[in-house]
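The values are calculated or read from the model by the stated rules, or taken from the named source; none is laboratory data. Just so it is clear, the model here is predicted, and its values are computed rather than measured. Note that we place each Cβ from the backbone using ideal geometry, even for glycine, and neighbour counts take in every protein chain shown. Note: accessible area is taken over every heavy atom of the protein model, side chains too, but ligands, DNA and RNA are not part of it. Shrake-Rupley method; radii C 1.70, N 1.55, O 1.52, S 1.80 Å.
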Amino acid sequence: MTVLAIENLNVVFATEGGDLHALRDVSFKVPEQRIVGIVGESGCGKSTLINAILGLLAENGRIASGSISFEGEDLAHLDDKAIQDLRGPRLSTVFQDPMGALNPVISVGRQMRNIQYRSDLARAEKDARSIDMLRQVRIPDAAQALKRYPHEFSGGMKQRIAIAMALMMEPALLIADEPTTALDATLEVTTIELLKDLQAEIGCSVLFISHHLGVIAELCDDVVVMYAGEVVERGSTRQVFGNPSHPYTARLLDCDPARQSERTRQLPTIPGELPDLRRRPEGCIFAARCDRRMDVCAAIPPDIEVVPGHVARCFLAESQ
Amino acid sequence: MLSYSIKRLGLAVVIVSVAMLMLFSMIYLIPGDPAAVALGPRATEAMREALRVKMGLDQPIWVQFWNFFINAWQGDLGNEVLSDRPVATVVLEQLPYTIALILGGISWSVALGIPLGCWAAVKRGSWADRLVGVLSVAVIAVPSFVVAIYALLVFAVTLQWLPAIGAGEPGDLGDQLVHLLLPSLAVGLGWVGYIARMVRASMLEVLEAQHIRTARAFGLPDRMITYRYALTIAILPTVTLLGVGIGQMLSSAVFAEIVFARPGVGKLVYDAILTRNYPLVTGTVLVTTVIFVLLNLVADLIVGALDPRVRSRF
Ligand SMILES: Nc1ncnc2c1ncn2[C@@H]1O[C@H](COP(=O)(O)OP(=O)(O)O)[C@@H](O)[C@H]1O
Ligand SMILES: [Mg+2]
């Protein structure tokens, strides 16, 4: 069973300098109870992808074509109210910045109760559920924590509270947008483990976005590699990391220090710059920075299946 | 919250004390002999000397200040010249009218300014937003005495919907409220503009915040996000602004009380200046300073009550 299937998704932002093609023909699937990782440099369209799924694109953005089917409904064509009804109970999110993710002037307990606003439970029962969730994310003295305000918790605790809130309605899909990037290394490990435990317990799928290839390798079942608004390679983590079939993935893995040490958590830098998405270059999107460029690369490569389930948008994949 | 209040109250006491020192220095530095002014040109030197001793003017300056300071904190602001009644009594008689006027002005500005600013922010870029923008600038630009005069002419004289002068029958709350409507509008109208602009700007900022995005991602309804999650934060700077704005409202109150022939501290100080009733002038200034500091304190306590981050900082 597939929880989320994105097909040929195109997202365009209207800007002063013309249309900015932020996502181009993006396709991938999130199967039931799997953790799918998305990697890519900053600016490659990860947040845009999430916002498109959640129906929260900026006002100047629109889904130009493609479909986002989630539990059988196409989110790309659902009206705002219908998507809003899915957010929370079926589709939930944890964002990067734990410092700013919670409302500073509303107590944690009230925020958690508000998230359950659709439920008919009595107030005390809702609070009991909140306490239960806070215990699961290992917040000490959970009952007392309901009365406290976000600034009274540390960054790691805030992120765990945000995770508790996101999972409270037992969604089918949890989207995590770089949830650990702002945390230090030790906290990152514990938070990842916590996410993994909770995912197993609730039985949801996770779409996990990270810069950190080490974390992706450890946590995710599948990987989607994005570059300048396109999915350049996708497959199971073992397939992609074991046999990188797009030069971009290969370069990322080549110079990823995370493979050797846990110190650097930024993506490795590759010479050259991201192309200007308002004037997409003809042909392969990565050609300008690719050290294995060929003449055929002047045309846009198709998605080529290396082995079943492992796809790369590169002519080189054909010859393998 | 309690320790926050106590600290803030301590600060208020310090501010009032400093204000007293400044007021005392001003009286001291103003040229002329207070005793001579009080007694008029026909008094003899002996009479003046006697009054000087009675007023304590023969003492060293720091003793004079100390006496002034202690007496003022005990509510003794001296006696006024014309009727020889205690200044404190005279001012306190008029004070409720002015406080009602200021609170009325705040009510107008909050009741109109916050919804308008919020509406403009939610509909930003629309004609509604632009209309609120233009109206805000317009009401800020018009001086409050002009508002007072036009309000009087239009609603009281031409349309005759509302009474023109006075503060209403004593004891008749409804009548007093009706008499309060126009003068308090004159005091508060400019603030409608300030508050609308302020709320709009801070709403726009808050709506961009990460926690609002999170709230949307949890599927919370738009109404809850706008009013409970965003507006409660967006009004905080407005409350502080209003606290400081009390001073400006007090000066508008002088005009409003004169135009509408209302009793009040503004009218009192105006008359006192015209009759050179100096003890009354200083007493009134001191009392309004205390009122300013107190209302400022109230504004800070409200911010503290609304924002747990402020509370914990103390
Ligand atoms: N509202 C917007 N208007 C115009 N361009 C945008 C907007 N949001 C994102 N973009 C552009 O879309 C691209 C992808 O951005 P984003 O999804 O934030 O990347 P990532 O999350 O991977 O860092 C970037 O080039 C960015 O400048
Ligand atoms: Mg991003």
(message) One residue is enough: does segment A:198-206 have a residue meeting the conditions of a type in the set (Asp, Glu), in a helix (DSSP H, G or I) and open to solvent by 10 Å² or more (accessible area, probe 1.4 Å)?
(response) yes
(message) Step by step: first the residues of segment A:15-57, then only those that are within 14 Å of chain B (Cβ to nearest Cβ) and not hydrophobic (A, V, I, L, M, F, W, C), then the one that is farthest from ligand 1 (Cβ to nearest atom). Which residue is that?
(response) A:55
(request) Given the conditions (1) under 22 Å from residue A:100 (Cβ atoms); (2) more than 16 Å from ligand 2 (Cβ to nearest atom); (3) outside any helix (DSSP H, G or I); (4) not polar (S, T, N, Q), report the number of the one that residue A:211 does not fulfil. (result) (2)
(request) Being over 12 Å from residue A:93 (Cβ atoms) and within 14 Å of ligand 2 (Cβ to nearest atom) is the filter; apply it to segment A:50-60 and report the residue that is nearest to the chain's Cα centre (by Cα). (result) A:52
(message) Condition first: at the interface with another protein chain (Cβ under 8 Å from one of its Cβ atoms) and not in a helix (DSSP H, G or I). Now tell me which residues in segment B:186-224 satisfy that.
(response) B:209, B:218, B:219, B:220, B:221
(message) So residue B:156 ticks every box in (1) surrounded by 14 or more Cβ atoms within 10 Å (Cβ to Cβ); (2) touching a residue at least 40 places away in the same chain (Cβ under 8 Å) but one. Which box is left unticked?
(response) (2)
(message) Please go through segment A:244-274 and give me each residue that is outside any helix (DSSP H, G or I) and at pLDDT 85 or above, ordered by number.
(response) A:244, A:245, A:246
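Looking at segment A:110-126, can you tell me whether even one residue there is out of contact with any strand residue (DSSP E or B) (no Cβ under 7 Å at 6 or more places or on another chain) and under 15 Å from residue A:153 (Cα atoms)? Give the derivation first.
Taking segment A:110-126 as the starting set, the residues that turn out to be out of contact with any strand residue (DSSP E or B) (no Cβ under 7 Å at 6 or more places or on another chain) are A:110-126.
Subsequent filtering for residues that are under 15 Å from residue A:153 (Cα atoms) retains A:111.
Within segment A:110-126, one or more residues are out of contact with any strand residue (DSSP E or B) (no Cβ under 7 Å at 6 or more places or on another chain) and under 15 Å from residue A:153 (Cα atoms).
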(request) For segment A:285-317, name all the residues that are free of Cβ contacts under 8 Å to residues at least 40 places away in the same chain and of a type in the set (Gly, Ala, Ser). (result) A:287, A:288, A:298, A:299
(message) Test of understanding: among A:12, A:108, which residue is more than 10 Å from every other protein chain (Cβ to nearest Cβ), in contact with a Pro (Cβ under 7 Å, 6 or more places away or on another chain), away from ligand 2 (no atom under 16 Å from the Cβ) and of a type in the set (A, V, I, L, M)?
(response) A:108
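Yes or no, residue by residue, for (1) open to solvent by 50 Å² or more (accessible area, probe 1.4 Å); (2) more than 12 Å from chain B (Cβ to nearest Cβ):
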position	(1), (2)
A:104	no, no
A:115	no, no
A:127	no, yes
A:130	no, yes
A:135	yes, yes
A:138	yes, yes
A:166	no, no
A:177	no, no
A:182	yes, no
(message) I'd like to know if segment A:66-85 contains one or more residues that are surrounded by 15 or more Cβ atoms within 10 Å (Cβ to Cβ), more than 28 Å from residue A:30 (Cα to Cα), in contact with a helix residue (DSSP H, G or I) (Cβ under 7 Å, 6 or more places away or on another chain) and among the aliphatic types (A, V, I, L, M).
(response) no
(request) Please specify each residue of segment B:268-286 satisfying the condition of being open to solvent by 60 Å² or more (accessible area, probe 1.4 Å) and either part of a loop (DSSP other than H, G, I, E, B) or under 16 Å from residue B:250 (Cβ atoms) (or both). (result) B:270, B:273, B:275, B:276
(message) For a quick check of your reading: which helices (runs of 4 or more DSSP H) sit entirely within segment B:29-122 and have at least 1 residues that are under 28 Å from the mean Cα position of the chain (by Cα)?
(response) B:61-73, B:87-122
